[in-house]
Amino acid sequence: MDKPFPFGFPPPTAFYLSLYIASWVVHVAFMHYVLAGTAYLVGAGLAGFIQGGARAESLVTRTLRDWMPFAVSMAITAGVAPLIFLQILYQRQFYTANLLLFDRWMAILPALIVGFYLTYLLKAVRTESWPAAARLLIAIGAFLCFAFTGATWSTNHVVSLKAGEWACFYESGVLVSGVPRVFIWFASSFGTLAWLVGWQLFALQRRALVVPVGIVGRLAALGLASVACTALAVGMYYLYADSRTQAAIVGPLALPYLLAFIGGLLIQAVFWLAALRARRLGALCLWVASAGGLLSLLGVAVMREAVRLRDVDVNGLFARHADARSVGGLTVFVTFAVINALLIAWGFRLVLRGLRRHSLGAASRVL
């Protein structure tokens, strides 16, 4: 591992690692939308509750409510591919961590089911007439379900790296926590939310629905705050990490991606400042902010994997990866990947068609 990712690995291992990283980035983008979006809805619900339900619903809040069930389904669907590649790459580590987490790991499924249906309840027209306290409780419930899922996945990742402590974990029942890493994902999720919602509002803007200046400023402020908090969270993580973790992050494998991560944050900051100054949602600004966001996600994904590879005897897995690569399932995978991509695109079109009528008809009310 003395070369930048994905070089320096046998072709099968490099193949699976690359597909894992790419699919993971897509999944995390949607996961960020769900996590930060439900947190935003909690904040909006709390403001409405404090004001006795008299607070007008913003266009951002309405957009999040309308799209949240679809975003949850996208996050879950996009999570299937990295989950498969994770099991191929780190079979022993992944399944051992699952067994050690036991009830918490099994609780992920019911948590996702409950959270999914709560997002539909948030979107329902009937709940708009409910008291502000009831709507706030629904938003809090949805956020807690998805936050629990994210924290459990993070703990699973941390436990999988501690092979030398698995026996102690099993005997004591006390596991290490992945919560410190969750702060990084939570902080960065708002930046992803900002440019994804920006694209949604840009689509409305192009249909002659003028986006208020205040909303543009709100998204820019959200993006800038996310950049600052993410940089702070990653910096604190690095400073308090052990020397081996630090060496993995700045080592040959991950160093170019550390620079990509920093560059992505800077790109987002510069272009959110430009949006704040221009007081409008421009396509160029959103394209560059999106590129910066994805670049940061790619950078942190490879750094995360470099830390994992430091603690895993990956040399012993090369033969297993070669065997898996020889099975011949690539054609089937690519075929269904294309079919799923077309179905997802069709789903986007259906949702946009419905929201176009809804948003244009309710423009005076939400603005």
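For the chain, take the longest principal axis of its alpha carbons; what is the angle in degrees between that and the long axis of helix 11-50, to the nearest 10 within 0 to 90?
Helix 11-50 sits at roughly 30 degrees to that axis.
Hey, what do the phi angles of region 214-228 turn into as Karplus ³J(HN,Hα) couplings, whole Hz, using 6.51/-1.76/1.60 and θ = phi - 60°, x for Gly and Pro?
x, 6, 4, x, 5, 5, 5, 5, 5, x, 5, 5, 5, 4, 5
In whole Å, largest first, what are the principal axis extents of the Cα atoms in region 97-141?
44, 16, 9
Please give the contour-minus-distance gain from Leu99 to Leu232: 0.36 nm per residue of separation, less the Cα-Cα distance, rounded to one decimal in nm.
Fully extending the segment from Leu99 to Leu232 adds 44.5 nm.
Give a residue-ordered list of calculated ³J(HN,Hα) values for region 86-91 (Karplus: 6.51 cos²θ - 1.76 cosθ + 1.60, θ = phi - 60°; whole Hz; x for Gly, Pro).
Karplus values, whole Hz, x for Gly and Pro: 4, 5, 6, 6, 10, 4.
Regarding the chain, what whole-number volume in Å³ per residue does the convex hull of its Cα atoms give?
Here the figure is 146 Å³ per residue.
Tell me which chymotrypsin sites (Phe, Trp or Tyr not before Pro) from region 103-177 have a DSSP coil assignment and no more than 12 other beta carbons within 10 Å of their own.
Answer by residue number: there is no such site.
Neighbouring Cβ atoms within 10 Å as the yardstick, rank His32, His27 fewest first.
Fewest-to-most Cβ neighbours within 10 Å comes out as His27, His32.
I need Asp311, Asp323 ordered by Cβ neighbour count within 10 Å, fewest first.
Lowest to highest Cβ neighbour count: Asp323, Asp311.
Build a GNM of the chain with springs between Cα atoms under 10 Å: which of Val60, Val327, Val302 gets the top mean-square fluctuation?
Result for the chain, Cα springs under 10 Å: Val327 fluctuates most.
Report the charge-dipole magnitude of the chain in Debye, nearest 20, computed about the Cα centre from +1 at each Lys and Arg Cβ and -1 at each Asp and Glu Cβ.
My answer is approximately 1440 debye.
Restricting to DSSP loop positions (anything but H, G, I, E, B) with no more than 12 other Cβ atoms inside 10 Å of their own Cβ, which chymotrypsin sites (Phe, Trp or Tyr not before Pro) remain in region 35-102?
In loop regions of region 35-102 (DSSP not H, G, I, E or B), the sparsely surrounded chymotrypsin sites (Phe, Trp or Tyr not before Pro) are Phe102.
Taking other Cβ within 10 Å of each residue's Cβ, how do Tyr20, Tyr33 sort, fewest first?
Tyr20, Tyr33
What does the net charge come to around Val25 if you take all other residues with beta carbon closer than 14 Å to its beta carbon, with K and R at +1 and D and E at -1?
0
Coordinate-derived values only; no laboratory data. Since this is a predicted model, take the numbers as computed values, not measurements. Because the Cβ atoms are built from the backbone with ideal geometry, glycine has one as well, and the counts that use them run over all protein chains shown.
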